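Read the structure below first, then the notes.
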Amino acid sequence: MRYDQARWTQAGDSSEGTADQYEPLLSEKNTETVAVESPLPDDLTRDELELPALEEPQLARHYTRLSQMNYGVDSGPYPLGSCTMKYNPKFTEDVAALGDAAVHPDRSDRSVQGTLGLMAGLQDYLARIGGMDAVSLQPPAGAAGEFTGILVAKAFHEQHGEGETRDEIIVPDSAHGTNFASAALAGYDVVELPSGEDGRVDLEALEAAASERTALFMLTNPNTLGLFERDIEEIAEIIHGAGGLLYYDGANLNALLGRARPGDMGFDIMHYNVHKTFATPHGGGGPGAGPVGVTDELAEFLPAPRVREAGGGGSRGHEGEARGTDGVYELFDPESTVGKVHGFEGNWLVLVKTYAYIARLGDDGLADASAKAVLNANYLASQVDYDVPFEPFHHEFVASAGDQDAADVAKRMLDYGVHPPTTKWPEIVPEALMTEPTEIESKATLDQLAEAFDRVAGEDDETLAEAPNRTTSRRIDQASAARNLRLSWQALDGE
Ligand SMILES: *Cc1c(COP(=O)(O)O)cnc(C)c1O
């Protein structure tokens with residue numbers, strides 16, 4: 001705490017930043033010319049390459065410095081709402097390093113029984129947690145899970161002769177952008193559902209939107225305002241009554257773990273963001289995993305392959321053809337599978353970490369995690385000066401920055417040594433600060449976060465507009481950075 005206080009005083013005292021840290025690329029440090037030989041045609045290859053030539057201490061320092069220029073869950077609190085940026089326990093890395101990393105995906109089922117057993121175990125864990133009957137581990141992210149789930153719904157409607165006529169997917173206006181994108185990518189017309197005054201699904205509006213054209217309704221529960229959709233049973237009735245299916249966006253499952261299950265609420269399909277709920281590394285473009293769970297009647301459409309106990313039995317036993325094995329577990333292709341959505345069995349090592357996390361916590365540990373996630377969000381909100389218009393929220397809350405610009409608030413919070421919340425979304429809250437502290441933070445850290453919020457709440461626009469002052473990079477042009485991607489340092493060369 002002392003250290004942070006000192007930082008804050010500095011940040012408060014000086015609007016001139018001192019962050020002049022610059023770490024050169026490895027290739028800017030030292031290189032040597034290496035001759036290369038290649039069987040490829042001459043016009044496609046070079047004879048020599050300039051490669052970095054560095055010794056271990058230089059390398060160790062390079063990567064340590066880079067890690068210090070960044071901010072992550074190992075550096076401090078990271079209350080990025082909807083993203084569930086929780087600490088990733090290091091024991092899961094040890095488990096992932098135990099030997100599975102060396103298993104070639106083309107080995108015979110018989111020779112990788114331990115790996116298949118772990119996959120089967122994880123399918124079961126996830127099915128139990130979500131109240132689903134069958135799970136595919138293949139999709140590599142939440143958004144990929146959404147797309148997969150939509151393909152499953154499409155296959156189901158096609159089987160019922162309604163593939164052409166059910167051409168709409170309903171998505172609430174508070175939903176994550178990936179919901180709209182996944183639906184559009186799968187070829188559907190997206191019907192945006194305005195939220196009711198209380199921030200929840202407006203039943204009358206839903207009733208008006210649902211029809212024989214509805215393929216799917218995609219819902220996050222608790223929604224992105226942290227509010228539990230308490231009319232979920234009526235919502236399920238409306239959608240099922242219209243012949244549509246109900247999709248659960250699992251990004252906020254952290255709030256329900258061990259307490260309530262989407263399957264029991266009437267959801268037919270869901271994805272799990274294991275890099276959110278089950279604490280596997282997150283960000284930097286992955287790898288993540290977004291397993292998909294479905295009810296029994298949809299299991300035959302899941303991506304191939306899945307794993308099951310050999311010799312049938314149970315809800316996993318009756319589908320499709322096994323690939324031939326004499327082990328206890330076997331891979332098989334579900335009967336009417338939508339095909340593959342990722343190579344082999346998905347991002348396997350991420351799934352090993354997920355398994356380890358769930359196994360270590362157990363039922364009680366998972367229920368405890370969700371209780372603390374909700375308690376922490378409510379405690380933090382009670383300590384923050386900004387207004388929180390929608391209540392009662394669960395694992396996250398959306399405060400309004402009021403007259404301040406939420407993006408400036410976020411930049412300024414960086415100066416106080418904490419990561420800011422998600423900003424400007426959902427749009428129903430003006431200048432939204434969507435905040436999710438997660439269950440891992442102590443009261444002392446929550447107080448530190450609250451103090452950062454409150455200091456910024458008391459500052460003027462000019463101070464905010466100049467922030468951040470104490471980060472490695474000062475204010476960057478975010479829009480250009482996103483629109484004019486430069487993925488190679490060489491592209492900057494010669495400018
Ligand atoms: C993160 C998130 C997603 C997308 O998940 P990814 O794993 O990032 O692809 C979807 N919906 C909500 C509500 C999310 O927060």
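The values are calculated or read from the model by the stated rules, or taken from the named source; none is laboratory data. It should be emphasised that the depicted structure is a prediction, and the values quoted were computed from it without experimental measurement. Cβ atoms come from the backbone with ideal geometry, glycine included; neighbour counts cover every protein chain shown. Note: accessible area is taken over every heavy atom of the protein model, side chains too, but ligands, DNA and RNA are not part of it. Shrake-Rupley method; radii C 1.70, N 1.55, O 1.52, S 1.80 Å.
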Item to check | Label-point separation in nm, Asp477 to Glu297, each point 7 Å along Cα→Cβ | outcome: 5.4
Item to check | Sum of side-chain charges, Asn179 neighbourhood, beta-carbon under 11 Å (Lys, Arg +1; Asp, Glu -1) | outcome: -4
Next on the checklist: For the range 26-68, I need the span (max minus min coordinate) of the C-alpha atoms along each principal axis, in Å, sorted largest to smallest.
Outcome noted: 43, 17, 15
Checklist entry - What order, most packed first, do the peptides 65-73, 128-136, 163-171, 191-199 have when packing is the mean number of other Cβ atoms within 10 Å of each residue? => result 128-136, 163-171, 191-199, 65-73
Checklist entry - Could you list, bin by bin from short to long, the percent of Cα-Cα pairs of the range 46-165 in 5 Å steps? => result 2, 7, 8, 11, 14, 14, 12, 11, 9, 5, 3, 2, 1
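Take every DSSP beta bridge whose two residues both sit in the chain, then give the antiparallel share in percent to the nearest 5. Walk me through the numbers before you get to the answer.
Values: 27 of 43 bridges.
Counting DSSP beta bridges with both partners in the chain, the antiparallel share is about 65 percent.
With a 1.4 Å probe and all protein chains left in place, how much of the accessible area of the range 103-346 comes from carbon and sulfur atoms, in whole percent? All intermediate terms of the calculation are to be shown ahead of the outcome.
Details: 4230 of 8910 Å².
In the range 103-346, the share of accessible area belonging to carbon and sulfur is 48 percent.
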Checklist outcome for this item: Computed, not fitted: 222 nm per-residue ellipticity of the chain from DSSP H runs ≥ 4 (each -39500 (n - 2.57)), nearest 500, equal to -11000 deg cm²/dmol
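Pairs of Cα atoms under 8 Å, at least six residues apart: use those to get the relative contact order of the chain, whole percent. Before the final figure, lay out each step's value.
Details: 963 pairs, mean separation 98.0, N = 495.
So the answer I get is 20 percent.
Quick one: of Lys372/Lys411; Lys276/Lys443; Lys86/Lys411; Lys353/Lys424, which pairs are farther than 30 Å apart, Cα to Cα? Write out the running numbers ahead of the final one.
On the way: Lys372/Lys411 28 Å; Lys276/Lys443 21 Å; Lys86/Lys411 21 Å; Lys353/Lys424 32 Å.
Table pairs above 30 Å Cα-Cα are Lys353/Lys424.
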Item to check | Globularity index of the chain, i.e. its alpha-carbon radius of gyration over 2.2 N^0.38 Å | outcome: 1.06
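Leaving out ligands and nucleic acids, and using a 1.4 Å probe, what accessible area per residue does the range 26-68 come to in Å²? Show your work: numbers first, answer last.
Working: 3740 Å² over 43 residues.
Value returned for the range 26-68: 87 Å² of accessible area per residue.
Keeping all protein chains in place, calculate the accessible area per residue for the range 103-346 (probe 1.4 angstrom), answer in Å².
On the way: 8910 Å² over 244 residues.
With all protein chains present, the range 103-346 gives 37 Å² per residue.
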Checklist outcome for this item: The alpha-carbon pair-distance distribution computed for the range 338-495, with 10 angstrom bins and whole-percent values, is 9, 28, 26, 24, 11, 1
Next on the checklist: Ignoring solvent entirely, what values of log10 I(q)/I(0) come out of the Debye formula for the range 332-404 at 0.12, 0.19, 0.25 Å⁻¹ when each Cα is a single scatterer?
Outcome noted: -0.64, -0.85, -1.07
Item to check | Convex hull volume of the range 150-217 per residue (C-alpha atoms, cubic angstrom) | outcome: 73
Checklist outcome for this item: For the range 103-346, the Cα-Cα pair-distance distribution in 5 Å bins from 0, as whole percents, is 1, 7, 14, 19, 19, 16, 11, 7, 3, 2, 1, 0
Item to check | 1.4 Å probe accessible area per residue over the range 348-495, in Å² | outcome: 47
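Suppose every Lys and Arg Cβ carries +1 and every Asp and Glu Cβ carries -1, with no other charges. What dipole size does the range 103-346 come out with about its Cα centre, to the nearest 20 debye?
Values: 16 positive and 38 negative charges, 250 e Å.
So the magnitude is around 1200 debye.
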Checklist outcome for this item: FRET efficiency for Val191 and Glu335 from the Cβ-Cβ distance with R0 = 30 Å, rounded to 0.05, comes out at 0.45
